[in-house]
There are 2 protein chains.
Amino acid sequence: MASDAQPTPVFAKPVTLREVAATAGVSVATASKALNGQGRMTAETRERIRETAQRLGFRPNSLAQSLLRRRSFTVGLLTNDTYGRFSLPLMAGVSDALVDAGVSVFLCNVEDDPRLGQLHVDAMLDKRVDGIIATGKRIDRHLPVDLSNLGIPAIYAFTQPDPGAIAFVSDDAGGARLAVEHFCRLGRRRIAHVTGPASFAVVHARAQAYRDVLAENGLPAAEPLLGSWSEAWGHEAVGTLFDGKREAPDAVFCGNDQIARGVIDALRERGIDVPDEVGVIGFDNWEIVAEATRPPLTSVDMNLAALGREAGLTLLSLVGGQPAEPGLRKLPCRLVVRQSCGRPLGG
Amino acid sequence: MASDAQPTPVFAKPVTLREVAATAGVSVATASKALNGQGRMTAETRERIRETAQRLGFRPNSLAQSLLRRRSFTVGLLTNDTYGRFSLPLMAGVSDALVDAGVSVFLCNVEDDPRLGQLHVDAMLDKRVDGIIATGKRIDRHLPVDLSNLGIPAIYAFTQPDPGAIAFVSDDAGGARLAVEHFCRLGRRRIAHVTGPASFAVVHARAQAYRDVLAENGLPAAEPLLGSWSEAWGHEAVGTLFDGKREAPDAVFCGNDQIARGVIDALRERGIDVPDEVGVIGFDNWEIVAEATRPPLTSVDMNLAALGREAGLTLLSLVGGQPAEPGLRKLPCRLVVRQSCGRPLGG
DNA sequence: AAAGCTTGGGAAAAGGTTTTCTCAAAGGAG
DNA sequence: CTCCTTTGAGAAAACCTTTTCCCAAGCTTT
């Protein structure tokens with residue numbers, strides 16, 4: 001073995017099947033079949049070839065295999081979520097679903113730039129990805145790419161799909177129900193809703209669910225307070241809710257964890273106890289925020305990893321030729337209970 | 001099989017060079033040369049072939065090209081930073097550096113699981129990536145993978161490298177200097193340092209720089225307060241700093257933005273004004289936190305995108321056969337000034 | 001007019017693997 | 001002893017592109 005004598009890292013050529021075959025004294029065809037458990041040969045021959053491949057450190061060239069099989073065992077993941085707040089859990093789920101099938105993931109950040117999007121989509125197509133998953137940071141906006149008529153399957157996850165496509169999204173209304181119903185169960189009667197801007201579809205979906213649950217429970221529905229997704233807005237909204245002109249709420253359901261954080265901070269500044277006087281629930285379950293609030297924040301988790309997992313598995317079956325019904329699939333959220341809601345009132 | 005009568009979109013076979021050649025009435029060799037600007041032929045022939053390729057929507061099969069060129073134009077990015085706090089800016093930089101060279105990035109999250117690491121490294125090797133970049137969430141910990149003797153170049157960025165490898169890291173001492181010198185320039189005299197646990201190498205590097213700058217400026221150095229990276233610790237540390245037994249600081253340099261956030265909140269609770277009475281600087285410039293603090297937080301930015309860019313470019317030159325000196329390359333940090341330090345005192 | 005050069009384009013190999021044929025030898029049946 | 005079947009393994013095509021060599025025709029030079 002000459003490879004012992006290299007001082008600087010010399011990048012050795014990988015060993016090929018041809019070399020394995022030559023070393024084992026068989027043809028490449030036989031070697032291939034031996035390693036893949038195909039064909040017929042004596043157990044002794046098969047074992048000898050396997051042992052040789054092992055010893056030489058042979059690994060089949062995936063490029064050659066892909067060329068032949070017309071499948072690259074790669075998929076592209078497109079995102080415009082630069083900070084990865086939503087992308088990363090989702091990506092982890094996708095990757096988790098695919099790694100067992102030997103499929104790797106190209107991550108492409110397209111920002112909101114159609115040129116960059118086209119660039120990356122072209123690169124994916126050139127590399128013959130088996131499929132594409134598009135993901136974003138909000139459900140009601142389309143990525144700056146056109147994924148129709150690409151010749152390969154595309155799946156949308158947590159982003160606005162093309163018509164006729166398959167998309168996985170979180171069930172925002174369901175998530176909101178979880179939160180408000182939780183408040184109801186705990187005996188809260190005056191539940192407020194502080195959320196993001198009206199330009200977001202989820203704001204309306206969640207607000208409607210909020211109203212529905214209150215109606216179902218015979219509770220008064222205050223008009224949701226729309227603002228921005230920021231801590232500052234949560235802080236400010238408390239000023240509106242507790243201005244003394246109206247009956248103060250005993251629970252606040254917030255559109256995201258940052259708003260909830262702002263709400264909790266503002267309540268503390270006013271000397272209002274959380275959770276004893278007012279319960280607070282957030283949305284997104286952004287752990288690093290939810291766990292840092294005092295008290296730790298109960299929050300709705302969108303199960304993005306599971307969403308990614310489902311998207312990955314569905315893409316896989318699509319690539320495998322299985323037909324799949326187009327349409328929007330809503331995946332349930334779950335409520336992560338921490339300490340910002342307390343125990344049942346008067347219970 | 002019901003899949004014969006396609007209800008779902010049929011995925012058409014991509015058009016090959018052979019088809020382009022046949023359509024244009026030339027050989028594949030000529031077609032290839034025409035499209036790559038190689039070989040000699042009449043301008044008319046070349047143009048006809050180009051036009052045909054265009055019309056048919058031909059795109060060269062990257063797999064076949066890679067097989068021939070023995071370069072896949074892909075690299076693997078390994079990370080254990082699940083939340084992507086550090087990985088994503090870094091990844092954006094890597095991607096940015098590589099996209100122009102037509103190189104795509106496989107993102108692999110290996111958690112801290114050696115088995116998962118091996119799985120992903122094997123997958124990368126099978127897919128014949130041209131190189132690998134390893135990145136993590138702290139500089140003094142090694143990823144659970146062995147990247148030596150892989151036969152392809154590997155670069156480390158923001159993680160502990162193997163000996164003899166090339167690594168890019170942030171200059172933490174330099175970053176700390178920036179922060180403390182900024183305080184000095186503003187006329188702060190009693191500068192405290194609240195930072196993370198002693199188990200982190202960066203804690204010591206920054207603390208030493210903190211002491212050095214104070215010594216250089218003839219200022220008293222208090223012992224740095226070591227704790228966790230959390231808001232809660234920042235909050236708690238204020239209790240220690242402002243216990244009345246010692247002279248209260250007029251500036252706090254924090255080990256990260258969350259600590260700084262905790263410090264600022266605690267100061268507000270005590271009625272101590274930031275920045276008038278006490279200036280605060282954070283580390284990491286995690287914008288979503290830094291901009292949400294009141295007042296917005298001045299923070300040291302590690303330039304992770306630039307780090308990723310450098311790592312990407314270096315890997316590219318390594319892949320291209322250029323030699324490169326092994327060793328640790330420290331890239332400078334920069335101070336992002338917001339409003340938590342105020343203007344020069346008495347200025 | 002013969003020899004050499006240029007021009008335009010094609011044949012074929014290479015890259016590494018899988019799969020379908022094909023074939024020789026050995027064994028069994030009649 | 002001949003014919004057929006099974007067994008074990010190899011040859012070659014296929015996947016798609018690039019590149020090196022090669023060749024024929026037309027042109028120039030002497």
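The values are calculated or read from the model by the stated rules, or taken from the named source; none is laboratory data. Here the structure is a predicted model, which means the values were calculated and not measured. Note that each Cβ is placed from the backbone with ideal geometry, even for glycine, and that neighbours are counted across all protein chains shown.
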Tell me yes or no: at least one residue of the stretch B:292-307 is on the phi > 0 side of the Ramachandran plot and more than 14 Å from chain A (Cβ to nearest Cβ). yes
Which ranges mark the strands (runs of 3 or more DSSP E) fully within the stretch A:143-229 that have 3 or more residues being within 19 Å of the chain's Cα centre (by Cα)? A:154-157, A:166-170
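Could you pull out every one of the helices (runs of 4 or more DSSP H) wholly within the stretch B:238-347 that has 1 or more residues that are surrounded by 15 or more Cβ atoms within 10 Å (Cβ to Cβ) and in the same structural domain as B:G93 (by TED's automatic domain parsing)?
Result: B:304-319.
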For the stretch B:64-81, which residues satisfy the criterion of being within 14 Å of DNA strand D (Cβ to nearest atom) and either in a helix (DSSP H, G or I) or of a type in the set (S, T, N, Q) (or both)? B:A64, B:Q65, B:S66, B:L67, B:L68, B:R69, B:S72
Being more than 14 Å from chain B (Cβ to nearest Cβ) and in contact (Cβ under 8 Å) with a residue 12 or more places away in the chain narrows it down to one of A:V75, A:V15, A:V20, so name that one. A:V20
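Please work out which residue is farthest from the other protein chains (Cβ to nearest Cβ), limiting yourself to the stretch A:93-106 and to residues that are within 13 Å of the chain's Cα centre (by Cα) and under 11 Å from A:L77 (Cα atoms). Lay out the reasoning, then the answer.
Of the stretch A:93-106, the ones within 13 Å of the chain's Cα centre (by Cα) are A:93-97.
From the residues that got through so far, the ones that are under 11 Å from A:L77 (Cα atoms) too are A:94-95.
Numbers: A:V94: 10, A:S95: 6 Å.
Only one residue tops the list, namely A:V94.
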Which numbered condition trips up A:S27, out of (1) within 11 Å of DNA strand D (Cβ to nearest atom); (2) under 30 Å from B:E287 (Cβ atoms)? (2)
Out of the stretch A:197-237, which residues are surrounded by fewer than 20 Cβ atoms within 10 Å (Cβ to Cβ) and hydroxyl-bearing (S, T, Y)? A:S199, A:S228, A:S230
Of the conditions (1) over 23 Å from A:F73 (Cβ atoms); (2) more than 10 Å from DNA strand D (Cβ to nearest atom); (3) surrounded by 14 or more Cβ atoms within 10 Å (Cβ to Cβ), the single one that A:N61 does not satisfy is (1)
If A:E287 satisfies all but one of (1) away from every other protein chain (no Cβ under 14 Å); (2) within 18 Å of the chain's Cα centre (by Cα); (3) at pLDDT below 95, what's the number of the condition it fails? (1)
Scan the stretch A:107-120 and tell me whether some residue there is assigned to a loop (DSSP other than H, G, I, E, B), in contact (Cβ under 8 Å) with a residue 40 or more places away in the chain and facing another protein chain (nearest Cβ under 10 Å). no
Can you tell me how many residues within the stretch A:108-157 are at positive phi and surrounded by fewer than 17 Cβ atoms within 10 Å (Cβ to Cβ)? 3
Given the conditions (1) touching a residue at least 40 places away in the same chain (Cβ under 8 Å); (2) closer than 14 Å to B:R138 by Cα, which single one is not true for B:T195? (2)
Select from the stretch B:246-279 the residues that are aliphatic (A, V, I, L, M) and touching a Lys or Arg at 6+ places or on another chain (Cβ under 9 Å) and write down the one among them that is nearest to the other protein chains (Cβ to nearest Cβ). B:I264
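Being in a helix (DSSP H, G or I), aliphatic (A, V, I, L, M) and surrounded by fewer than 17 Cβ atoms within 10 Å (Cβ to Cβ) is the filter here; which residues of the stretch B:23-58 pass it? Lay out the reasoning, then the answer.
Here is the first cut: in the stretch B:23-58, the ones in a helix (DSSP H, G or I) are B:23-24, B:28-36, B:43-56.
Among the residues that remain, those that are also aliphatic (A, V, I, L, M) are: B:24, B:28-29, B:31, B:34-35, B:43, B:49, B:53, B:56.
B:V28, B:A29, B:A43, B:L56 - these are the residues of the stretch B:23-58 that are in a helix (DSSP H, G or I), aliphatic (A, V, I, L, M) and surrounded by fewer than 17 Cβ atoms within 10 Å (Cβ to Cβ).
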Would you mind stating whether A:G279 is modelled with pLDDT of 95 or more, more than 27 Å from B:A290 (Cα to Cα) and not polar (S, T, N, Q)? no
State the number of residues belonging to the stretch A:26-50 that are away from DNA strand C (no atom under 12 Å from the Cβ) and in contact (Cβ under 8 Å) with a residue 12 or more places away in the chain. 4
